[in-house]
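A quick write-up on the structure given underneath.
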């Protein structure tokens with residue numbers, strides 16, 4: 001068994017509308033699902049992805065209004081890497097972000113930036129054969145758009161401790177610039193990496209602008225078997241949890257990063273048509289009877305795609 005790369009990455013925001021304005025408005029992703037945190041239905045869970053809501057491009061956010069700015073530390077993901085097709089794409093994004101008061105740093109084949117809450121991103125020129133996962137945006141030509149996740153970087157004071165579990169889970173040693181400790185999970189159609197860096201002295205703080213967890217993609221039929229592999233590797237996974245859009249298993253790997261294994265399906269069109277994904281508040285069936293109370297607690301938000309009423 002092998003993971004089909006990264007399924008999704010989940011982070012925290014303190015302001016849902018500002019978050020939508022940056023990721024859908026500036027970075028050109030599509031808001032494909034507007035729902036609630038299933039462990040705390042009083043707050044939003046926003047999903048941004050490509051045009052089809054594909055795993056491998058799906059960046060999600062829990063909104064905790066008023067949450068203080070977080071700080072990535074030991075055992076936390078501190079950077080999300082996206083694929084782009086060319087140096088011309090990096091030129092485009094450097095200009096676009098500068099015009100929106102977002103600082104960037106250009107490197108060889110890379111462009112480093114942070115979102116308004118400090119969450120780190122890097123755009124990498126990539127020639128991998130994986131299908132590009134692109135969202136439509138009127139200001140972002142398709143050939144210059146983000147093309148899905150390349151990987152994540154995390155802080156670890158003992159990255160070698162993660163080697164046994166990662167090997168058990170089918171990861172293989174990878175080459176990622178700037179570290180000796182990098183691993184790739186590659187399936188039949190897609191791959192994704194995790195690289196470990198030395199941690200800062202400051203203790204990490206979960207809050208706005210930090211990553212909560214990274215999820216790896218499993219076929220539905222292999223999902224239960226993955227749980228057994230996690231146990232064999234020495235970790236302590238949760239039971240399988242039905243998240244309606246996919247099924248999930250959670251555990252911490254030895255460096256401290258919270259991992260999820262999520263199924264490829266049923267997907268976001270299970271309760272909305274593809275053409276109108278993310279336009280209304282979607283609630284899983286177990287929460288539908290709470291819609292009136294849930295909507296009363298949430299501040300209305302809009303996607304840039306929605307036509308004003």
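The values are calculated or read from the model by the stated rules, or taken from the named source; none is laboratory data. This one's a predicted model, so the numbers in the text were calculated from it and none came from an experiment. A quick note on method: Cβ atoms are made from the backbone with ideal geometry, for glycine too, and the neighbour counts reach across all protein chains shown.
Quick test for you: out of 74, 91, 58, 50, pick the one residue that is over 16 Å from the mean Cα position of the chain (by Cα), under 29 Å from residue 182 (Cβ atoms) and either surrounded by 18 or more Cβ atoms within 10 Å (Cβ to Cβ) or in contact (Cβ under 8 Å) with a residue 24 or more places away in the chain (or both).
None of the other options fit; the residue is 74.
One residue is enough: does segment 174-184 have a residue meeting the conditions touching a helix residue (DSSP H, G or I) at 6+ places or on another chain (Cβ under 6 Å), within 21 Å of residue 217 (Cα to Cα) and either assigned to a strand (DSSP E or B) or at pLDDT below 95 (or both)?
Yes, there is a match, as at least one residue in segment 174-184 is touching a helix residue (DSSP H, G or I) at 6+ places or on another chain (Cβ under 6 Å), within 21 Å of residue 217 (Cα to Cα) and either assigned to a strand (DSSP E or B) or at pLDDT below 95 (or both).
Going by the conditions given, is residue 266 buried (at least 19 other Cβ atoms within 10 Å of the Cβ) and either in contact (Cβ under 8 Å) with a residue 60 or more places away in the chain or in contact with a helix residue (DSSP H, G or I) (Cβ under 9 Å, 6 or more places away or on another chain) (or both)?
no
Kindly list the number of the only condition in (1) closer than 20 Å to residue 278 by Cα; (2) buried (at least 23 other Cβ atoms within 10 Å of the Cβ); (3) in contact with a helix residue (DSSP H, G or I) (Cβ under 9 Å, 6 or more places away or on another chain) that fails for residue 8.
(3)
Looking at segment 217-237, which of the residues that are in a loop (DSSP other than H, G, I, E, B) and buried (at least 16 other Cβ atoms within 10 Å of the Cβ) is nearest to the chain's Cα centre (by Cα)?
It comes out as 219.
Can you pull out the residues in segment 110-159 that are within 17 Å of residue 182 (Cα to Cα) and free of Cβ contacts under 8 Å to residues at least 24 places away in the same chain?
Once the filter is applied, which keeps residues that are within 17 Å of residue 182 (Cα to Cα) and free of Cβ contacts under 8 Å to residues at least 24 places away in the same chain, segment 110-159 yields nothing.
Identify all residues within segment 207-216 that are under 24 Å from residue 193 (Cβ atoms) and assigned to a strand (DSSP E or B); write none if there are none.
Selection gives 211, 212, 213, 214, 215, 216.
Could you list all residues from segment 39-72 that are farther than 30 Å from residue 184 by Cβ, at pLDDT 95 or above and either out of contact with any helix residue (DSSP H, G or I) (no Cβ under 9 Å at 6 or more places or on another chain) or not in a strand (DSSP E or B) (or both)?
Once the filter is applied, which keeps residues that are farther than 30 Å from residue 184 by Cβ, at pLDDT 95 or above and either out of contact with any helix residue (DSSP H, G or I) (no Cβ under 9 Å at 6 or more places or on another chain) or not in a strand (DSSP E or B) (or both), segment 39-72 yields 64, 65, 67, 68, 69.
Let me confirm something: among 32, 36, which residue is more than 16 Å from the chain's Cα centre (by Cα), modelled with pLDDT of 95 or more and crowded, with 20+ Cβ neighbours inside 10 Å?
Unique residue meeting the criteria: 36.
Go through (1) modelled with pLDDT of 95 or more; (2) more than 29 Å from residue 182 (Cβ to Cβ); (3) touching a helix residue (DSSP H, G or I) at 6+ places or on another chain (Cβ under 9 Å); (4) in a helix (DSSP H, G or I) for residue 287 and report which single condition fails.
If we test residue 287 against (1) modelled with pLDDT of 95 or more; (2) more than 29 Å from residue 182 (Cβ to Cβ); (3) touching a helix residue (DSSP H, G or I) at 6+ places or on another chain (Cβ under 9 Å); (4) in a helix (DSSP H, G or I), just (1) comes out false.
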